[in-house]
Amino acid sequence: MVWKVAKGILIALALVFFLLPIYWIVATSFKQWPDIFAIPPKFVFRGTLVHYLTLFNIRPEEAAKFGQVGKSLFPPRFLNSIVIAGVSTVLSVALGTFSAYAFSRFRVRGENDLLFFILSTRMLPPIVVGIPFFVVYRALGLIDTHIGLILLYMTFNLSFAVWLMKGFIDEIPREFEEAAMVDGYTRFEAFFKVILPQALSGIAATAVFCLIAAWNEFFFALILTSEKARTAPPSIAAIQGTSGINWGQIAAGVTVFLLPVVVFTFLVRKYLARGLTFGVIKR
Amino acid sequence: MAEVVLRDVEKRFGKIQALRGMTLEVRDGEFLVLLGPTGAGKTTTLRIVSGLEEPDRGDVFIDGVRMNGVAPRDRNCAFVFQNYILYPHLTVYDNLAFPLRSKLWRTEEGEIRKRIEHVARVLKIEHLLQRKPDKLSGGEQQRVALGRAMVRNPRIFLMDEPLSNLDAKLREEMRVELKSLQKNLGATFFFVTHDHVEAMTLGDRVAVLNQGVLQQVGTPEEVYEYPANVFVARFVGNPEMNFLEGFPEGGKLYLGDLALALDLEKVWKGREVLPSRVLVGIRPENILLGQGGTVGEVYLVEDLGADKIVRLRVGETLLRVRVPKEAEFSVGEKVPYLLVHEKLLFFDPITEKRLG
Amino acid sequence: MERVRLEGLSKRFGAFEAVQDVTLSVFEGEFVVFLGPSGCGKTTTLRMIAGLEKPTKGDIFIAGKRVTQLPPARRNIAFVFQNYALYPHMTAFENIAFPLEAQGVPREEVQRRVREVAKILGLEHLLALRPAQLSSGDMQKVALGRAMVRRPQVFLMDEPLSGLDAKLREEMRAELKRLHIEIGATTIYVTHDQIEAMSMADRIVVMNEGRIQQVGSPKEVYLHPENLFVAHFIGSPGMNFIPLLFLGEGRGFRLENGESIRCEAMEKLAMQRGVRECILGIRPEFLSIAASGEIRGSVVSVEPLGYKNLYAVEIAPGRIIRVEDMRRERFSGNVSLAVRWEAACLFDRQTGQSIR
């Protein structure tokens, strides 16, 4: 009994520790301007949607009060984020799954060296390759393009996707597609009919990791884009009015920015739970 | 309906020679069991017939057509794997329908339903059709795997130790069912196992394989009573055949281990002249206790239920003797024993081949 | 003399009753085998005796002393594990000597005792080798040696032969049994293999679903099973079950195919107990194919075992029973079966218990 109560308290403490910052941001996004700075902080306050309305340019006249000049840039950049993170995730998971299948099922010459090489692309801190990328991208005319960021994120996530998916596919017995091949299917058909459904949980887990990485990426988005292809992370940081930092709108931006990943993770949670424990539990 | 011929098939994996000069014929409508220890090349043979593996040398014929280079799906074989390999995301019904929904065997859904219902009735799995495989017991999974092989009436059933994951009791029951299923279908079964009891009881013929080399092909009785060599003699039968050193000389056969001399003409019917040293083999049931003039000491009695195994010590040698379960012997007892003369087998000690 | 006593031993894992109310005495020098399918609670019972698992209820006595609360090290027992659990970095000698060194036995004494054990097990020439250099049979012997060297009150063995291949298992089975005859150590042995139990045990404890089903000598358990579970589990193949309807004394029993059979002794039993729906239990070797037997049926398949044939005979739709026959000729088609009534058992169909 005592132990149960203690366990409850511990869990509550942990929840408070992890959820407080999120609460803080979400609450701030609904607070009126003076309440945001109130000390001691107000836990009960009269809510407002003004920060969201100005963020999405629905009531632009309100924005002027906060010293905003011109329209909010958030909507197009949020869209950029969705397109760039989404497309790069789809690409890295798709390519990763195919190459993982090849590594898992065929005798690839120098397999271990190749796999290590693929992983090694993750070993450099991104900041080291920042300048070279900038130079190369400028030469190729990829600066401030969607395709530029998509390619970059895909490259970075691919190594991760290959390694993760290889682990998942290794766990699927080879006989699964062999049985299908004897039963009248080609290897390609067998892959789609048999291996893919089995690998779904792995694909979900991999996709979540890739999406989070691409979604949150700040550094390259900052140096490789300016206007057209700029994503949400650098632009949220830059929300400023003439009268200082517009905390309310930043909080609203962050809250909106949180949503897609939460929703996606929620949608695939069924697969995820199995995916994350895959290989841990022996079947 | 089909026959399979393997001719001089060789297969090597890296440093391991899996098959050497394998020549074997599976006749139409026959239940052929390929028997051998782990690593003998049994599974490789099946995989070569199915097309999942290509031979390095030699040819594979199905119904007289050379199959080398033909894709697995175009060979019309069914493969039943040791671990069943049912698709966990599909119901039993969809697992059974799986082969019929391929482009190659594209069948209309009404016909699929008819065939599945028929197969399910034969295998007594009608009540399981809507379940997922992970909700089935081992025996039920085994039946579904068989069903998936049966639905498209393949030319030949290739079976890779399909009973080895079942517990002992279920295995015995499935053995009978499998055998009668094969007879009722009139189908060609090519069945792989390491269990000699399974091989003896299931096979119309048994092919014994060791280290990639075919040792003997014959009916279960032939393989048991006239093993081609020492390996087959030891591998088939439980408990193992007894082996003794024998020295034929001057019309007598001296069995050194037992300090025994037998009349050579009573035990050796062959025409050829025996070498000066031979290996003499005798099955445990061909030694009779309580008769004969020489005596051994009971070293151990093992009750197996239906019969008993007595280990009889003669000098330094232990003989395995099968006795009826009614027989009572106690450890340390001195018992006379008799070797049934006409049941002695002779092997060349160097080539290990059976003589005569 | 009583060496181990279990009193009302129970173990629960969450909601799962692994072992329920096990009471048993094991006597000095006895070889007791716990037999049952996986999950029946046999290993849990053994682990409780060893102190590796704490009972939820009940008591354990070893050599008259209550040890329920003692840690394994203070119970003076030896445990032989399924996977040998040898230390890979030590030689066979060091492995065997390990428990003695833990006790602080003087060096010369250790030398003497290890050599003595090694001699009994035939390991003398292997003492300098490490486990990786030993065959699996020899590894098992080293594990045994490590258990023997301490001269414990009782040996506990958890499926020690199941890691070996079939042929070696047979050999080790005989050696273990012989070893027990020679040194007479009290042994509790766990297995799921009924042949191991039959051939090695002085007494068999058959378990199922956490409960003891029957305790008795191999012969008792084989010939007089107390319930249907024991009858089916022991024997390979298990006992045949033939449903019977008791018609009244003097009128006999009705078979599923509508025919009736007579056996005075059985009728008397059924009458006395007032049982209408019975099951006749009869082992395959107590049935024979005869010119005019009591039960008619048709042969489904013949399984040659070399020294005898095992028939599957259908005596009513879907009711297949097994019959042994020592004759070489093969029977087929319609046959009639003679029953050796003195070896038949009668069970109450409702309770599954034997009627005696």
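The values are calculated or read from the model by the stated rules, or taken from the named source; none is laboratory data. Not measured: the values here are computed from a predicted model. Here Cβ is always computed from backbone atoms with ideal geometry, including for glycine, and neighbour counts include all displayed protein chains. When the accessible area is computed, the model is the full protein with side chains, heavy atoms only, and any ligands, DNA or RNA have been set aside. Shrake-Rupley method; radii C 1.70, N 1.55, O 1.52, S 1.80 Å.
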- Query: Do any of A:K193/B:K42; B:K42/B:K183; C:K42/C:K167; B:K169/C:K219 go past 27 Å between their Cα atoms, and which?
  - Reply: A:K193/B:K42
- Distribution output for the protein assembly as shown: share of Cα-Cα pairs per 20 Å bin in percent, first bin at 0, values 10, 31, 33, 17, 8, 1, 0
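What Kirkwood Rh does the range A:2-48 have if only Cα atoms enter the pairwise 1/r average? Answer in Å.
Numbers: mean 1/r = 0.0810 Å⁻¹.
Result for the range A:2-48, one decimal place: 12.3 Å.
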- Query: Could you give the angle, 0 to 90 degrees to the nearest 10, between helix C:166-183's Cα long axis and the longest principal axis of the Cα atoms of chain C?
  - Reply: 70
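Tell me the mean residue ellipticity at 222 nm calculated for chain B from its helices only (DSSP H runs of n ≥ 4, each -39500 (n - 2.57), averaged over every residue, nearest 500). It would help to have the intermediate numbers written out before the result.
Details: 9 runs with 84 residues, N = 356.
Estimated from H runs of four or more residues: -7000 deg cm²/dmol.
For peptide A:167-180, how many partner chain Cβ atoms fall within 10 Å of a residue's Cβ, on average?
Mean shielding count: 4.
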- Task: Mind checking which of B:N83, B:G41, B:V5 is farthest towards the positive end of the range B:1-94's charge dipole, using Cβ charges of +1 (Lys, Arg) and -1 (Asp, Glu) about the Cα centre?
- Result: B:G41
- Rounded to the nearest Å, what's the spacing between the alpha carbon centres of the range C:279-356 and the range A:207-261? Just the number, please. 81
- Message: As a test of understanding, state the convex hull volume per residue of the range B:242-355 from its alpha carbons, in Å³.
- Response: 103
- Partner shielding of B:98-108, as the mean number of partner chain Cβ atoms within 10 Å, equals 4
- Task: Leaving out ligands and nucleic acids, note down the accessible area per residue over the range C:5-141 with a 1.4 angstrom probe, in whole Å².
- Result: 49
- Query: Distance from the Cα centre of the range C:112-188 to that of the range B:255-289, in angstrom?
  - Reply: 34
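Could you look at the protein assembly as shown and say what percent of its accessible area is carbon and sulfur, using a 1.4 Å probe and all protein chains?
Details: 26440 of 46020 Å².
It is 57 percent, rounded to a whole number.
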- Roughly how many Å is it from the Cα centre of the range A:1-59 to that of the range B:161-192, as a whole number? 66
- Query: In a solvent-free Debye calculation with one equal scatterer on each Cα, what is log10 I(q)/I(0) for chain C at q = 0.06, 0.13 Å⁻¹, listed in the order of the q values?
  - Reply: -0.30, -1.03
- Message: Below 8 Å between Cα atoms, with a sequence gap of 6+, how large is the relative contact order for the range C:240-355 in percent?
- Response: 28
- Message: Counting protein heavy atoms only and a 1.4 angstrom probe, how many square angstrom of accessible surface do chains C and B bury in total, to the nearest 100?
- Response: 3100
- Item | Kyte-Doolittle at least -0.5, axis length at least 18 Å by Cα - qualifying DSSP helices, chain A | A:2-30, A:74-105, A:126-140, A:146-170, A:196-216, A:247-267
- Message: Kirkwood hydrodynamic radius, the range C:28-101, all distinct C-alpha pairs: what's the number in Å?
- Response: 14.5
- Per Stokes-Einstein, at 20 °C and 1.002 mPa s, what whole-number D in µm² s⁻¹ belongs to the range B:4-235, with the Kirkwood radius over Cα pairs as the hydrodynamic radius? 117
- Task: Compare C:N240, C:N309, C:N83 in a GNM of chain C, Cα atoms joined below 10 Å, and give the one with the largest fluctuation.
- Result: C:N309
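State to the nearest 20 debye the size of the charge dipole of the protein assembly as shown about its Cα centre, where the only charges are +1 on K and R beta carbons and -1 on D and E beta carbons.
On the way: 122 positive and 109 negative charges, 649 e Å.
That gives a dipole near 3120 debye.
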- Could you give the size of the charge dipole of chain B about its Cα centre, using +1 on the Cβ of each K and R and -1 on the Cβ of each D and E, expressed in debye and rounded to the nearest 20? 1140
- For chain A, average projected area of the Cα convex hull in nm²: 21.7
- Item | Within the range B:47-69, backbone nitrogen closer than 20 Å to the virtual label 7 Å beyond the Cα of B:D28 toward Cβ | B:60-67
- Message: As I understand it, the value is the acute angle between the Cα axis of helix C:136-148 and the longest principal axis of the Cα atoms of chain C; what does it come to in degrees, rounded to 10?
- Response: 70
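Would you mind giving the mean number of other chain beta-carbons within 10 Å of the Cβ of each residue in A:123-136, as a whole number? Walk me through the intermediate numbers first.
Working: counts 0, 0, 0, 0, 0, 0, 0, 0, 0, 0, 0, 0, 0, 0.
For peptide A:123-136, the averaged partner shielding equals 0.
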- Note on the structure: For chain C, the longest principal axis of the Cα atoms and the Cα long axis of helix C:107-121 enclose an angle in degrees, to the nearest 10, of 20
- Query: When the label point is put 7 Å from the Cα of C:R328 along its Cα-to-beta-carbon vector, which residues of the range B:217-231 have a backbone N closer than 17 Å?
  - Reply: B:219-227
- Evaluated at q = 0.20 Å⁻¹: base-10 log I(q)/I(0), Debye formula over Cα of the range C:240-355: -1.04
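To the nearest 20 debye, what charge dipole does the range B:208-326 have about its Cα centre, counting +1 at the Cβ of each Lys and Arg and -1 at the Cβ of each Asp and Glu? Could the numbers behind the result be given before it?
On the way: 13 positive and 17 negative charges, 17 e Å.
Roughly 80 debye, rounded to the nearest 20.
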- Packing-wise, with mean Cβ within 10 Å as the measure, how do A:53-63, B:101-111 rank, highest first? A:53-63, B:101-111
- Select from C:M148, C:Q111, C:L168 the residue farthest towards the positive end of the dipole of the range C:103-182; place +1 on Cβ of Lys and Arg, -1 on Cβ of Asp and Glu, and compute about the Cα centre. C:Q111
- Kindly flag which residue pairs out of A:K228/A:K270; A:K270/C:K11; A:K166/B:K15 have an alpha-carbon separation exceeding 31 Å in this structure. A:K228/A:K270; A:K270/C:K11
